[in-house]
1. Counting just the residues of the range 252-276 that are of a type in the set (A, V, I, L, M) and closer than 26 Å to GLU320 by Cβ, which one comes out surrounded by the most Cβ atoms within 10 Å (Cβ to Cβ)?
2. Could you run through the range 19-69 and say how many residues are under 30 Å from THR163 (Cα atoms), of a type in the set (A, V, I, L, M, F, W, C) and part of a loop (DSSP other than H, G, I, E, B)?
3. Going through the range 123-148 one residue at a time, which ones are under 26 Å from PRO212 (Cβ atoms) and among the polar types (S, T, N, Q)?
4. Among the residues of the range 293-314, count how many are open to solvent by 40 Å² or more (accessible area, probe 1.4 Å) and aliphatic (A, V, I, L, M).
5. Among the residues of the range 102-126, which ones are open to solvent by 40 Å² or more (accessible area, probe 1.4 Å) and either charged (D, E, K, R) or at pLDDT below 95 (or both)?
6. Only one of (1) farther than 24 Å from THR275 by Cβ; (2) in contact with a helix residue (DSSP H, G or I) (Cβ under 8 Å, 6 or more places away or on another chain) fails for ILE321. Which number is that?
7. Being under 25 Å from ASP180 (Cα atoms), part of a helix (DSSP H, G or I) and in contact (Cβ under 8 Å) with a residue 12 or more places away in the chain, is that true of even one residue in the range 74-83?
8. Of the residues that sit in the range 315-343 and are open to solvent by less than 50 Å² (accessible area, probe 1.4 Å) and touching a residue at least 40 places away in the same chain (Cβ under 8 Å), which one is nearest to TRP261 (Cα to Cα)?
Amino acid sequence: AEWLLRNYESIRRGALWIKDATAQTKKFDAGGKRPITWGLLPKGVSEDTGSSAETYVYEHDFWVAFGLREAIKAAERLDRHDDVRWMTEAYKEFSVDLLASVRRAYDTTGGGKYIPGDPFDPELDINGDLAAVYPGRFLDPKDPMMKSSLARIAQHSQEYLYTWFKTLNNGDMWTYMTVDWAMCSLLADDLSQFYKLYKSYVAHASPTNGWPECIYVESRLGTGDTPHGWAAASYVLLHRNAFAHENENYLELCWGVHPEWLVEGAHISVRQAPTRFGKVNLDLKRSGARLAFEYPLEPVAGQVKPREVRLHLPVSVLNEIRSIRMNGTARRLSPDEPVIRIA
């Protein structure tokens, strides 16, 4: 709370800048209609499109939506009710405008197959689409537009790493972008894809457990920032989220745990993991056809209560498990129960 109070004015000014900047694009076209760019951020440049030309970059808008929501939370935490009101109005209006633009571009520029990098150019890279789900949560992970965009990314990828579509890097594999792709898969509950992306990411680490920014396909040499701090931080988040993830108002436990981590004799342990719901502690052990699960959530002052706490178990493991003892109480399990609601 003290940190937030010290920095709140910068947050408020950032939200106000967004409100003013998006107002600049609310101009009717020659026919008196709203153009596809209505209410978006003004033109800018993003390396993630694979182009150095200024354009209306959807990725920037997805981050704006995320930023406004976080600003609203900050204002609520500090009881700035007037700020909550205008920020909420700005977010709702911006969300309507952005969604209308994205849907239109998906149908036209994207040909009903993917969300393009901007409203006009079908050739731009679509790495920025990932931000719509992770971490932005602007689109539902299972939204048909997002599902088809992820399918296009997968078709173009190499070795289960995100691979550039366009010209800047001649089809090189980018490491840290793969983590955002993996998280989109986890949030969509596409666990088989999540496992593949997770394992590939780990497999492409250097011998010293670091990552280059990108890897040339033919020479196998790394380039860009090496070791890449962003890639390392992204791995930490990916690994953490596999065990404890705040999925909106739900606390998901072991959602990304790979079946290979729960072989006979396995012991998974999490200690004092900070979440916005409190500190997570858990132990999950396997002995033959039985699991033992211990889980206390330590409340912390100022934290919110999760709507639900859910334990996830891989389906392939459930085929071998008959029962689980949860905090001392035994219960039967069946293969059609991959999610156990524990609180």
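The values are calculated or read from the model by the stated rules, or taken from the named source; none is laboratory data. The structure displayed is predicted, hence computed values, not measured ones. Every residue, glycine among them, receives a Cβ derived from its backbone with ideal geometry; neighbour counts consider all protein chains shown. Side chains are part of the model used for accessible areas, which takes the heavy atoms of the whole protein and leaves out ligands, DNA and RNA. Shrake-Rupley method; radii C 1.70, N 1.55, O 1.52, S 1.80 Å.
1. Taking the range 252-276 and keeping what is of a type in the set (A, V, I, L, M), we get 253, 257, 262-263, 266, 268, 270, 273.
Restricting the remaining residues to those that are closer than 26 Å to GLU320 by Cβ gives 253, 257, 262-263, 266, 268, 270.
Numbers: LEU253: 25, VAL257: 21, LEU262: 23, VAL263: 10, ALA266: 15, ILE268: 16, VAL270: 17.
Ranking the candidates gives LEU253 first.
2. 6
3. Correct list: ASN127 only.
4. 4
5. At the first step, the residues of the range 102-126 found to be open to solvent by 40 Å² or more (accessible area, probe 1.4 Å) are 103-104, 107-108, 111, 113, 120-123.
Once the filter is applied, which keeps residues that are open to solvent by 40 Å² or more (accessible area, probe 1.4 Å) and either charged (D, E, K, R) or at pLDDT below 95 (or both), the range 102-126 yields ARG103, ARG104, ASP107, LYS113, ASP121, GLU123.
6. (2)
7. Taking the range 74-83 first, the residues under 25 Å from ASP180 (Cα atoms) are 74.
Then drop every residue that is not part of a helix (DSSP H, G or I), which leaves 74.
Going one step further and asking which of them are in contact (Cβ under 8 Å) with a residue 12 or more places away in the chain, we end up with 74.
The answer is yes, given that some residue of the range 74-83 is under 25 Å from ASP180 (Cα atoms), part of a helix (DSSP H, G or I) and in contact (Cβ under 8 Å) with a residue 12 or more places away in the chain.
8. Here is the first cut: in the range 315-343, the residues open to solvent by less than 50 Å² (accessible area, probe 1.4 Å) are 317-318, 321, 323-324, 326, 328, 333-334, 337-340, 342.
So of that shortlist, the ones also touching a residue at least 40 places away in the same chain (Cβ under 8 Å) come out as 317, 333, 342.
Values: VAL317: 10, LEU333: 19, ILE342: 21 Å.
By that ranking, first place goes to VAL317.
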